[in-house]
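Below is one structure, written out as structure tokens, with a few remarks after it.
Every number here is computed from the coordinates shown, using simple stated rules; none is lab data. For clarity, every value in this text was computed on a predicted model and none was experimentally measured. For neighbour counting, all protein chains shown are included, and Cβ atoms are generated from backbone atoms with ideal geometry for every residue, glycine included.
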């Protein structure tokens, strides 16, 4: 190397690469006249030409440089990017892999590898490369062990190290981000949200933290807040596929289905080999009722990733016998692969269960459902004792006298119609019937009541006793304001059909005393088995064990009986079996109790064109059918744990 080239001159040229690559190239060329073979100057020149888009000229410099210095990681990185830009993806990827082999801490090289794998449709490879990028971006030696543990999957170990570090250095932005990432990976989304927000206070321009904050908000179904963060990211990188994919997912939660489809179609135009995008597109198509297009999208996903269990489950979850014998053979073959991920494996078990159920092989079907449930239960721990204790606390607090003392509290608006109960108990059918009325809009499952409850922490529901009437009214007004984004049609009433809101009837009564509450109830063995064989994308952690389902149903019945006693007539009960057997009479009764005039369209609900996001989306687009009423009877030999846990609720489930 030529000693006549000063370190300051070299550093100055390198520093201009990002902001002014043209000036960096001119500086390098001028110094190369004095030192024509200096590898440092040649690297700067090659990098500058690449950044200027002169890829052939960059290759002319970088390729011989890489041959001369095969162990120079940065040279391999620059050559890799250049070759990819010239359409030589395979040799470009090889150069990038050589670069990270030489220097595992080249974060930008890992990012480029992730982008390349994503473009090729290799989601697993892309995720692995992006994880390495995040690890390599941690430059503080004190945080490197925690980063290594975190991105190797040793999340608990990483959390301990990071908490100890932050106890010494509370304002460390990078440590705060890493701890937030640990919480995100443990599904502690509320904790992750708080820490990512704090990290952005410390370092407002960190796009990675902002994206993770948006992700944490989305996973709590706080879509409007997440969209604000995504808009800021897209202003800086409007074509980033990760940002756009998350934006589409958030827009789906607020019912912007046309925008969702447009985003996925644009993404698929740019990334046609990405199976997960085809899968997401299929879900969006299903939501708007384009069933055949949804099937085609799921099939396209499988063509790109034959072992993608989620795609098979998505076909099975259409509930319309979309799986074939060839599909069954392919799924069984995939299950024999030892490298199959736990997520793919559990989805395949559920999909096979549905295929075997459709072929009336109950023993084999139940075995597949049970294997899927075991895997899902391991991912979503559930404490039945905690649920029972929570219901007992609610019954103790919400007495007749408690409500009588707070009669003046709550927002007076009658707009919401809450449909509560257990999942798979007919709530989507009831929503479709009501949403077919000219005065009612179906807003689907909204998270807002649950978010209000979680805001009180472990002191819920007792904290409600300390709120003034004005504070309770403000909570009702907050609910109405936050849910306004879901009201697209300007109708007087809207439906919130989050089933688990039965746990919050006391809260609803206090903050929205004029709202209607409908309890969708189904035979415990019917709803219980239907929940057991369903893999839910999120929530419903009780549903992966028959005993837990029985206890949950029993807790639900006891709580609803309690509210029937302290708030007589407040809850409108609709028995699914009665609705199926005597539809018109039950629909008329429901409308009357909701204060709505009868409209014939409510009987022709299957003709109503609206988005439906629940697993019953295809079923409510057909006339009422009796086939599913007693499907559970074929599986009764395996339901003893459910029966035992139900106890007296098995006989008294209809209530008073």
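Gain on full extension, evaluated as 0.36 nm per residue between residue 207 and residue 606 minus their Cα-Cα distance, stands at 139.2 nm.
Computed from label points 7 Å out along Cα-Cβ, the spacing between residue 367 and residue 470 is 6.7 nm.
Modelled spin-label separation between residue 489 and residue 163, with each label point placed 7 Å from Cα along the Cα-to-Cβ direction: 4.9 nm.
Compute the helix-to-body angle for 21-34: its Cα long axis versus the longest principal axis of the chain, expressed 0 to 90° and rounded to tens. The angle comes out near 20 degrees. At an R0 of 45 angstrom, the distance between the Cβ atoms of residue 154 and residue 438 translates into a FRET efficiency of 0.20.
Measuring from centroid to centroid over Cα atoms, what is the spacing of the range 1-43 and the range 468-544 in Å? One Cα centre to the other: 65 Å. Packing order of peptides 370-379, 400-409, 525-534, highest average first: 525-534, 370-379, 400-409 (average count of other Cβ atoms within 10 Å over each peptide's residues).
To the nearest 0.05, how large is the calculated FRET efficiency for residue 131 and residue 34 if R₀ is 51 Å and r is the Cβ-Cβ distance? Efficiency for this residue pair is about 0.70. Please report the relative contact order for the range 384-652, taking Cα pairs under 8 Å with a sequence separation of at least 6, and give it as a percent rounded to a whole number. Over the range 384-652, the number comes to 28 percent. Angle of helix 207-219 to the longest C-alpha principal axis of the chain, folded into 0 to 90 degrees and rounded to 10: 20°. Using a cutoff of 8 angstrom between alpha carbon atoms and counting only pairs six or more residues apart, the relative contact order for the range 48-94 works out to 31 percent. Set the Förster distance to 30 Å, then compute FRET efficiency between residue 9 and residue 104 from the Cβ-Cβ distance, nearest 0.05. Computed FRET efficiency for residue 9 and residue 104 comes out at 0.50. In terms of the mean number of neighbouring beta-carbon atoms within 10 Å, the peptides 100-111, 212-223, 232-243 order highest first as 212-223, 100-111, 232-243. Each of 511, 557 was scored by other Cβ atoms within 10 Å of its Cβ. Listed from fewest to most, they are 557, 511. Against the chain, whose longest principal axis comes from its Cα atoms, helix 223-236 is set at around 20 degrees.
By the count of neighbouring beta-carbon atoms within 10 Å, fewest first, 454, 177 end up ordered 454, 177. Counting beta carbons within 10 Å around each of 496, 38 and listing the fewest first gives the order 38, 496. Stretched out straight at 0.36 nm per residue, the stretch from residue 320 to residue 273 would grow longer than its current Cα-Cα span by 14.2 nm. Working ranking of peptides 309-316, 291-298 by packing, defined as the average number of other Cβ atoms within 10 Å per residue, highest first, is 309-316, 291-298. When Rg and Dmax of the Cα atoms in Å is calculated for this entry, the matching label among (1) 24.4, 82; (2) 28.8, 96; (3) 27.6, 85 is (2). If a spin label sat at a point 7 angstrom from the Cα of residue 405 along the line to its beta carbon, the backbone N atoms of the range 452-485 nearer than 18 Å would be those of 460-473. Label-to-label distance, residue 640 versus residue 18, with points set 7 angstrom from Cα along the beta-carbon direction: 6.7 nm. Remark: relative contact order (the chain) = 9 percent; criterion is Cα-Cα distance under 8 angstrom and separation of 6 or more residues.
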